[in-house]
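The values are calculated or read from the model by the stated rules, or taken from the named source; none is laboratory data. Computed from a prediction, not measured in an experiment: that's the story for all the values here. All Cβ positions, even for glycine, are placed from backbone atoms using ideal geometry, and neighbour counts span all protein chains on display. We work out accessible area using only protein heavy atoms, side chains counted, and drop any ligands, DNA or RNA first. Shrake-Rupley method; radii C 1.70, N 1.55, O 1.52, S 1.80 Å.
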Amino acid sequence: MKVEAQNAGPCKVKVIVKAEADETRADYEAVLKSFLQHGRVPGFRPGKVPREIIKQTFHNEITEEVHGRLFRSLYRKAIDQEKLKLVAVRDVGDMLFSPETGITFSMTIDVQPEVSLPKYKKIPITFEDPAVTSDQVDAHIDQVRKAFAKFEEAPADHAVDAGDLVSLDFAGLIDGKPVKEIAPEAKSISDGKDFWIQADDERFIPEIIAAVKGLKTGASTEVKVKFDKEYPHEALRGKKAVYQVAVKAVRMRVLPSDEELLKQVKTESMEKLREQTLANLTESATRAEKQRREQTVIEFLLKKTEFDLPESQVSDEVNVTLDRMMNEAHYRGLTREDLEKNRQAIIENATATAKRQLRLRYILGRIADEEKIALTDEEVDKKIAELAGEFRMKPEQLRAQVEKNNRMDTLRSQIRDEKTMQYLLDEAKR
């Protein structure tokens, strides 16, 4: 077999393959034998049709099957012969076959990029102590206490306080026109009747939230609002509005006592709750510090390297990233209209993210090869056990699922990348 490899662009190679008749004869005869055994021709019993009649009657079908059989047999041998690092076969063409001369075909393939590594040892990283203060513990317990708060009808003389639930009537005007006439898509902040908000919810108009604090049921006020230049609704950017706001009803936030709080969180004492909170916050801080250190390494490596990426791999990675971003968008409550309006920006963001992740994967893989970082079966088993715990599955169930979906190689690559990242952190300059 003769093979010629030609550069066809960044991470792309055109491979021309020629195999002589003696190299293809066995495959051709195997296909022909199948047609001789099973081919049906009027006037002949199955298996008794003369060879030449079978060849004439099923010429196209025989040729097509021989093409497929020989391609599957030869393409990988050709790639291995040229020592090409295959990513994907993009196109196959110019295929010619005859029993007398053999077969020729060409294929365009994507190959892995050549990655020139920077000096990756002694990457400068600041190592900070992920300490948790007593004030942070107190603040977290206060948040938990607020989460279990109850709301009771407020007496008439109660002034709205942070955290209270408030029912409002409100209407906004811009230059004498309702806000929704200026920006129809902003109907929810134009006006409302018996509209309930919490008096520390920053998702509503901050100026109105600030203005109702200290007011009592039945009170009214005028609130001036200026929308900033980065406001989500373009028609309102930089506009000034005047809102008439009336407090219709107030429900006070009543925080649970220590005893009530301990019952809710199923803990025997405030001292024990503080210990648990400290442990949880310390774990979160440790994880955040590790992510910060890793991000320092990632930014260093990406800044110090530049190389082309295979188009097919970028496309696949973009699709995966888009699916993840869409799922996150739906989870946040964004509508199809929101997504369509920002379609171009979403695609650009997904493409940039995909390329970044793909480049990092190649860099870490190249470093792993350079440093001979390999995996043991025990490390794979440990990772599967960790993931199984997160998904509340048995390790053997998760392993079976990973293998069924043909994701074991992906999982092993992920573990190897994590091990390589830890190597870089251990080698970092402190």
(request) Would you work out the charge dipole size for the stretch 298-430 about its Cα centre, treating the Cβ of every Lys and Arg as +1 and the Cβ of every Asp and Glu as -1, and quote it to the nearest 20 debye? (result) 260
(request) For n ≥ 4 DSSP H runs only, could you compute -39500 (n - 2.57) per run for the chain, divide by its residues and tell me the 222 nm figure to the nearest 500? (result) -16500 deg cm²/dmol
(request) Take the Cα atoms of the stretch 228-291, find their three principal axes, and give me the spread along each one in whole Å, biggest first. (result) 53, 42, 12
(request) Using per-residue counts of other Cβ atoms within 10 Å, averaged over each peptide, order 242-249, 220-227 from highest down. (result) 242-249, 220-227
(request) Taking H placed 1.01 Å from N in the peptide plane, check which residues at least 5 places from Lys85 or on another chain put their amide H under 5 Å from its amide H. (result) Gln112
(message) Explain nothing, just the number: relative contact order of the chain, from Cα pairs under 8 Å at least 6 residues apart, as a whole percent.
(response) 17
(request) With unit charges on the beta carbon (Lys/Arg positive, Asp/Glu negative), name the residue among Met326, Pro130, Thr277 whose Cα is farthest towards the positive pole of the charge dipole of the chain. (result) Met326
(message) Need one word for the stretch 253-336: rounded, prolate or oblate. Basis is the Cα gyration tensor (sqrt eigenvalues a ≥ b ≥ c); a/c below 1.5 gives rounded, then a/b vs b/c decides.
(response) oblate
(request) Counting only heavy atoms of the protein chains, get the accessible area per residue of the stretch 236-321 (1.4 Å probe) and round it to a whole Å² value. (result) 60
(message) List the lysines whose Cα sits under 23 Å from the Cα of Lys121, skipping any in the same chain fewer than 8 residues away.
(response) Lys290, Lys303, Lys304, Lys372, Lys419, Lys429
(message) If you roll a 1.4 angstrom probe over the protein chains with everything in place, what fraction of the accessible area of the chain belongs to carbon and sulfur, to the nearest %?
(response) 48
(message) Quick check on packing: order 359-368, 296-305, 42-51 by the mean number of other C-beta atoms within 10 Å, highest mean leading.
(response) 359-368, 296-305, 42-51
(request) Evaluate the relative contact order of the stretch 1-116 (contact order divided by residue number), counting alpha-carbon pairs under 8 angstrom at least 6 apart; express in whole percent. (result) 36
(message) Can you give me the accessible area per residue for the stretch 7-155, using a 1.4 Å probe, in Å²?
(response) 62
(message) What are the ³J(HN,Hα) couplings of the stretch 223-232, residue after residue, when phi is run through the Karplus curve with 6.51, -1.76, 1.60 and θ = phi - 60°? Round to Hz, x for glycine and proline.
(response) 10, 9, 10, 10, 6, 6, 6, 10, 4, x
(message) Just want the answer: with Cβ charges of +1 for Lys and Arg and -1 for Asp and Glu, which residue in Met252, Ala354, Asn342 is farthest toward the dipole's positive end in the stretch 212-367?
(response) Met252
(message) Suppose every Lys and Arg Cβ carries +1 and every Asp and Glu Cβ carries -1, with no other charges. What dipole size does the chain come out with about its Cα centre, to the nearest 20 debye?
(response) 1020
(message) Would the stretch 1-122 count as rounded, prolate or oblate if I go by the C-alpha gyration tensor, calling it rounded below 1.5 in a/c and otherwise prolate when a/b exceeds b/c, oblate otherwise?
(response) prolate
